[in-house]
């Protein structure tokens, strides 16, 4: 009898330990930043079937060097927004033979079963060297990707609204219900242009947007009949937004969405809907001292996620940045 009771007690104790272990496993996985094995920046996410695919830039640490050292782009995927699977590097600057350096912010979009990856790289060709936009394509969201044009889609010499040579960065693509596709982009001056149906050629003139205190990081999303154009403003950057009933405007400035992103001068957002809820994905420099790869900073950024909530009038609730992030797996 005593042996039987002891067995029950030991079994119950083991179950408790298992439950505690499961709890701490969940807590360990539910955190911001969501990735602590590598520095990540400039998030761009898509939802394909039942999975979130998160594409990021890759801040590298090189002894004796400062500034943005970025050579490739990384991919992570999740079916619940809590547990993230790393896929490693999916593309590098070297894959664009015409580009020289700087794997800056990118955007992914799917069309007709193809996955198009638009990104910012430095191009030294022509009379106006500077940052340009390249396009890679794959048959599935994890690649392999290839440079679909073999040349830049957009170069510094194609715009003249700004004197700096990094004013054509941060491409963000949006496809209307009627199939029309547009690319939003820019630094210091916000711009957009229609794309041809093949997604790799411009279709018409580049148009300028008048956005208050615009810096960079345009992202367009739509909810019901409202268009939301979010962007980074100032330096250190905060995220602001405008709203419209049309992709062509007029745009009404609403206000601040996200404050300075902890220990980072830059602020770059991605907005998705997953299983009926919206999410705001961003980077900070707030990696903790006890992380496996060291403390974060302006050039050592990491991606975090928060819920994106709406007011009854359709405006957005300000983002509350947390260290917990998404604590419950999204079923």
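The values are calculated or read from the model by the stated rules, or taken from the named source; none is laboratory data. This one's a predicted model, so the numbers in the text were calculated from it and none came from an experiment. With ideal geometry, Cβ positions are generated from the backbone for all residues, glycine too; neighbour counts draw on all protein chains shown.
Values for this structure:
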item	result
Selected residue (only one of 131, 117 is buried (at least 22 other Cβ atoms within 10 Å of the Cβ) and over 18 Å from the mean Cα position of the chain (by Cα))	131
Test result for residue 70, under 20 Å from residue 287 (Cβ atoms), modelled with pLDDT of 95 or more, buried (at least 19 other Cβ atoms within 10 Å of the Cβ) and touching a strand residue (DSSP E or B) at 6+ places or on another chain (Cβ under 6 Å)	yes
Flag if residue 84 is closer than 25 Å to residue 47 by Cα, in contact with a helix residue (DSSP H, G or I) (Cβ under 9 Å, 6 or more places away or on another chain) and at pLDDT 95 or above	yes
Residues of the stretch 151-184 classified as within 17 Å of residue 129 (Cβ to Cβ) and free of Cβ contacts under 8 Å to residues at least 24 places away in the same chain, total	2
Elements of type strands (runs of 3 or more DSSP E) in the stretch 202-285, at least 1 residues being under 17 Å from the mean Cα position of the chain (by Cα)	214-223, 226-233, 238-244, 252-258, 269-274, 277-284
Qualifying position, being surrounded by fewer than 16 Cβ atoms within 10 Å (Cβ to Cβ), modelled with pLDDT of 95 or more, within 30 Å of residue 59 (Cα to Cα) and touching a strand residue (DSSP E or B) at 6+ places or on another chain (Cβ under 9 Å), among 229, 235, 220	235
Qualifying residue in the stretch 321-329 (condition: in contact (Cβ under 8 Å) with a residue 40 or more places away in the chain, out of contact with any strand residue (DSSP E or B) (no Cβ under 6 Å at 6 or more places or on another chain) and not in a loop (DSSP other than H, G, I, E, B))	no
Total residues in the stretch 93-109, condition surrounded by fewer than 16 Cβ atoms within 10 Å (Cβ to Cβ) and touching a strand residue (DSSP E or B) at 6+ places or on another chain (Cβ under 8 Å)	3
Conditions (1) without any contact (Cβ under 8 Å) to a residue 40 or more places away in the chain; (2) under 24 Å from residue 229 (Cα atoms); number of the one not met by residue 93	(2)
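This table checks each residue for (1) at pLDDT 95 or above; (2) in contact with a helix residue (DSSP H, G or I) (Cβ under 9 Å, 6 or more places away or on another chain).
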{"position": "9", "(1), (2)": "no, no"}
{"position": "19", "(1), (2)": "no, no"}
{"position": "28", "(1), (2)": "no, no"}
{"position": "63", "(1), (2)": "no, no"}
{"position": "99", "(1), (2)": "yes, yes"}
{"position": "104", "(1), (2)": "yes, no"}
